[in-house]
Amino acid sequence: MTELKTELKKLVIDALDLEDVTVDDIDSSEPLFIDGLGLDSIDALELGLALQKTYGIKLAADSEETRKHFASIDSLAELVASHKAA
Amino acid sequence: MMTEPKRLTGLLQSVVEPDRVVALRDNTGVTMQDFQHRVADWQLAAEQQPAAVFGVYIKDTFEFAAALFGLWYAGKTALLMGDRLPATIEQIKGRVGALAGDFDEPLTLPVIRQPEPATRGKVRSFPALDPAHPAVIVLTSGSTGTPKLVPMALAQLDDEVAMHEAQWGLVAGQSAVIGTVSHQHIYGLLWRVLWPLAGGRPFVSELCQYAEDALAHASRLPSSVLVTTPSHLSRWPCQTGEKAEGNWRLVVSSTAPLALEHSVFGRDYFGVPVTEIFGSSETGGIAWRQQTEDEVWTTLKGIAVDCDPESGALLLQSPLLGHQNWLKTGDRAEVFDRNRFRLLGRLDRIAKIEGKRVSLTRMESRLTAHPRVTEARVVVLEGRRTETAVVAALDESGQRWLETEGKRAVSRALRQWLADDFETPVLPRRWRLVDALPRNAQGKVPQHNLMVLFDKSGGTTPEAGVLNDNRLPVLLGQEWLAANQVQLHLRVQPELAFFQGHFDELPVLPGVAQIHWAEHYARALFNEKLASRDTFSRMETVKFQELIRPGREVFMELTLQPERSRFVFRLHDGDTAFSSGRMVFDALQEPI
């Protein structure tokens, strides 16, 4: 799981082309949007695309569920792990 | 006795004062008669060339003035070159038929170097020049960042000189004019050459790049005028409370607004208020002020201003424009009585970021309002998404903040500072925290200097060895100055990939290439000390002060500071500093 989280952090940094942020800077439980990393709705779209490309996960663009998955690296990791298991 | 000010068109018409000193060269007076002889030499040489436009670069101001008048009398136009590098010549080749001045390389264009002096007989009389003659073409940096060619008729130069003479002629009297700016640019041309000639006061033929040179001249002269810029005034080397040598009658500053503190310094140091001139190559002079008396600008004689009710822009009506229409400038202003105004900054620059409109001007003001930010510029980057990016200059406490907390924490705090006023999608995502904005020699911050700081390939680090021969300079020499300090002698050959087809105008060495070179050589030379660290995490205090043109030889000084996990690079040629900065290694595992 730790490995997956690191992988996801890297994905977030690469997909969103974040500057001055390293894997170590991202707290797995920290909110990705607004408060924590300060990401916005355009980033959510980019991240959705990256997840689709990397793991084949499709998420409805603006659903309550998507928002829940995107809350943090922890929740994203759960999503990816369950998708892999399925 | 005051001399009647002359129009430039009729300056040489009659030799009423053949012995009048027009210039001081090596501390010796050069007379009006000498000037006329030399103008005749240049005229003769220019007439033998079919070219209509000459690229002119002459170091000595007297020789330059004579060449200019000689070209005009031969019916030719002078394109003023900022330098004489091969690449510059290559760029203007389409616009000029020949060159005039200090050129020594083998050239593809015909050139007049120093014409042979003809036998010195009686000075022949010159007719009046045609005011409509296309006298000069000046190169201006322009607010867009791309250099622009601005042609000017003799009447425009003549009218502007007359305007300044009407305002400052009495104050300056016959004082000698000393300058820290080159006559190869419009400000120096007007103030160091044409205004002294028309006003009957001598000019010092040497450019005084150092304060000491200017003071040495002034100490030998009965009275002096200084033509300078905020770049020089803000860096004038002297002790607090010290007074300048010499008897200064007028100190003129132009090309950028002068900070109030430097205006106060100038007045106390030179004993006269610093007179700032506001204008541009495109508009000519517009207004003046002496901030220590009043921060409001007053228009020069014959110029009217108004405020555009819609945009708040300063509107201008000036005889120097060659028409009677109102011209909308790019500055916002508060106007009083049609002849006085206060500048309120550049007109709002509105950008559309991912569909949302944002005022970059407002974002800059908000950033500058932060207690640790002295100046800030916001640019728009087009990448994966359209985004704003900031170059912010921090004050001393800000620099300490950056050193202790790190770049990420500081940029995050600044982003938070903006978050109250701006929506998340328009908030800056890229930050360059510097101790001073990347200004050019004229004190301006060209867009190009800001953009190179965000060059995508500059943000990430190429593997050592990725730079092939076509992307590296010629290494002419290498000298170790200390165990952790090395100086490389480099030639920036014009064949480099960076100069191939990227430029609409004058090619320059991109900032990102300089950074790559610094890293490349640091890796090569400090190899054993760097081996354990494979990446550089960030650049700090990167400054690009002067452009590097193809063909130039430069020194690159690299200093490793292992205890601070960084190395410092500096590109210079002994006199001029081109760029400098620090590169910080990634995650500090152990001290090296």
Residue match in segment B:298-306 (condition: of a type in the set (A, V, I, L, M, F, W, C), within 19 Å of B:Ser365 (Cβ to Cβ), buried (at least 16 other Cβ atoms within 10 Å of the Cβ) and touching a Ser or Thr at 6+ places or on another chain (Cβ under 8 Å)): no
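Kindly evaluate A:Glu46 against the criterion of being within 11 Å of chain B (Cβ to nearest Cβ), within 12 Å of the chain's Cα centre (by Cα), under 20 Å from B:Arg384 (Cα atoms) and among the acidic types (Asp, Glu).
Working: within 11 Å of chain B (Cβ to nearest Cβ): yes; within 12 Å of the chain's Cα centre (by Cα): yes; under 20 Å from B:Arg384 (Cα atoms): yes; among the acidic types (Asp, Glu): yes.
Judged against the criteria, A:Glu46 is a match.
How many of the residues making up segment B:413-439 are touching a residue at least 24 places away in the same chain (Cβ under 8 Å) and surrounded by fewer than 18 Cβ atoms within 10 Å (Cβ to Cβ)? Talk me through it step by step, then tell me what you get.
Of all residues in segment B:413-439, those touching a residue at least 24 places away in the same chain (Cβ under 8 Å) come to B:414, B:417-418, B:421-423, B:425-439.
Now drop any that are not surrounded by fewer than 18 Cβ atoms within 10 Å (Cβ to Cβ), which leaves B:417, B:421, B:423, B:435-436.
Residues meeting the conditions: 5.
Just to be sure before I move on: is A:Asp20 within 14 Å of chain B (Cβ to nearest Cβ) and assigned to a loop (DSSP other than H, G, I, E, B) in the structure I sent? Give the derivation first.
On the way: within 14 Å of chain B (Cβ to nearest Cβ): yes; assigned to a loop (DSSP other than H, G, I, E, B): yes.
Criteria met by A:Asp20.
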Wholly within segment B:349-426, helices (runs of 4 or more DSSP H) carrying at least 1 residues that are more than 18 Å from B:Lys543 (Cα to Cα) and within 14 Å of chain A (Cβ to nearest Cβ): B:396-405, B:407-419
Among (1) closer than 20 Å to B:Leu190 by Cβ; (2) modelled with pLDDT under 95; (3) surrounded by fewer than 22 Cβ atoms within 10 Å (Cβ to Cβ), the one test that B:Leu12 misses: (3)
Checking B:Asp60 against (1) at pLDDT 95 or above; (2) among the charged types (D, E, K, R); (3) more than 22 Å from the chain's Cα centre (by Cα), the condition it does not meet: (3)
Complete set of residues in segment B:317-348 that are touching a Gly at 6+ places or on another chain (Cβ under 8 Å) and in a strand (DSSP E or B): B:Asp331, B:Arg332, B:Ala333, B:Leu344, B:Arg346
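In segment B:328-386, what residues are of a type in the set (Phe, Trp, Tyr) and within 27 Å of the chain's Cα centre (by Cα)? Steps first, answer last, please.
Just the residues of segment B:328-386 that are of a type in the set (Phe, Trp, Tyr), to begin with: B:336, B:341.
Hit for segment B:328-386 is B:Phe341, nothing else.
When you check B:Val410 against the structure, is it under 30 Å from A:Ile13 (Cβ atoms), without any contact (Cβ under 8 Å) to a residue 40 or more places away in the chain, in the same structural domain as B:Asp421 (by TED's automatic domain parsing) and under 24 Å from the mean Cα position of the chain (by Cα), yes or no? Don't jump to the end; show me each part of the working.
Values: under 30 Å from A:Ile13 (Cβ atoms): yes; without any contact (Cβ under 8 Å) to a residue 40 or more places away in the chain: yes; in the same structural domain as B:Asp421 (by TED's automatic domain parsing): yes; under 24 Å from the mean Cα position of the chain (by Cα): no.
No: the conditions fail for B:Val410.
What residue, of A:Asp14, A:Asp27, is within 11 Å of chain B (Cβ to nearest Cβ) and either in contact with a Gly (Cβ under 9 Å, 6 or more places away or on another chain) or surrounded by fewer than 16 Cβ atoms within 10 Å (Cβ to Cβ) (or both)?
Details: A:Asp27 fails: within 11 Å of chain B (Cβ to nearest Cβ).
On inspection, the qualifying residue turns out to be A:Asp14.
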Residue that is nearest to B:His37 (Cα to Cα) [pool: residues in segment B:108-129 that are of a type in the set (A, V, I, L, M) and surrounded by 14 or more Cβ atoms within 10 Å (Cβ to Cβ)]: B:Val123
Among the residues listed as B:Glu375, B:Glu387, B:Glu354, the single one being assigned by TED's automatic domain parsing to the domain that holds B:Arg415 and out of contact with any helix residue (DSSP H, G or I) (no Cβ under 8 Å at 6 or more places or on another chain): B:Glu387
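Being of a type in the set (D, E, K, R) and either in contact (Cβ under 8 Å) with a residue 12 or more places away in the chain or surrounded by 20 or more Cβ atoms within 10 Å (Cβ to Cβ) (or both) narrows it down to one of B:Glu206, B:Glu261, so name that one. Can you show your working first?
Working: B:Glu261 fails: either in contact (Cβ under 8 Å) with a residue 12 or more places away in the chain or surrounded by 20 or more Cβ atoms within 10 Å (Cβ to Cβ) (or both).
Step by step, each of B:Glu206, B:Glu261 is checked, and only B:Glu206 is of a type in the set (D, E, K, R) and either in contact (Cβ under 8 Å) with a residue 12 or more places away in the chain or surrounded by 20 or more Cβ atoms within 10 Å (Cβ to Cβ) (or both).
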Scope segment B:86-106; condition buried (at least 21 other Cβ atoms within 10 Å of the Cβ) and in a loop (DSSP other than H, G, I, E, B); matching residues: B:Val96
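For segment B:198-216, give me the residue count where each residue is assigned to a helix (DSSP H, G or I) and within 10 Å of B:Val177 (Cβ to Cβ). Show your work before the answer.
Pass one, segment B:198-216, residues assigned to a helix (DSSP H, G or I): B:198-199, B:211-216.
In the following step, the residues that additionally are within 10 Å of B:Val177 (Cβ to Cβ) were identified as B:199.
Count: 1.
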Test result for B:Ala65, of a type outside the set (Val, Ile, Thr), part of a strand (DSSP E or B) and within 23 Å of the chain's Cα centre (by Cα): no
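Condition check: without any contact (Cβ under 8 Å) to a residue 24 or more places away in the chain, away from every other protein chain (no Cβ under 14 Å), under 30 Å from B:Glu405 (Cβ atoms) and in a helix (DSSP H, G or I). Does A:Glu65 satisfy that? Explain how you work it out, then say what you get.
Numbers: without any contact (Cβ under 8 Å) to a residue 24 or more places away in the chain: yes; away from every other protein chain (no Cβ under 14 Å): yes; under 30 Å from B:Glu405 (Cβ atoms): no; in a helix (DSSP H, G or I): yes.
Spelling it out, it is not the case that A:Glu65 is without any contact (Cβ under 8 Å) to a residue 24 or more places away in the chain, away from every other protein chain (no Cβ under 14 Å), under 30 Å from B:Glu405 (Cβ atoms) and in a helix (DSSP H, G or I).
The values are calculated or read from the model by the stated rules, or taken from the named source; none is laboratory data. On a predicted model such as this, the values are computed, not experimentally measured, just so you know. Cβ: placed from backbone, ideal geometry, glycine included. Neighbour counts: every protein chain shown.
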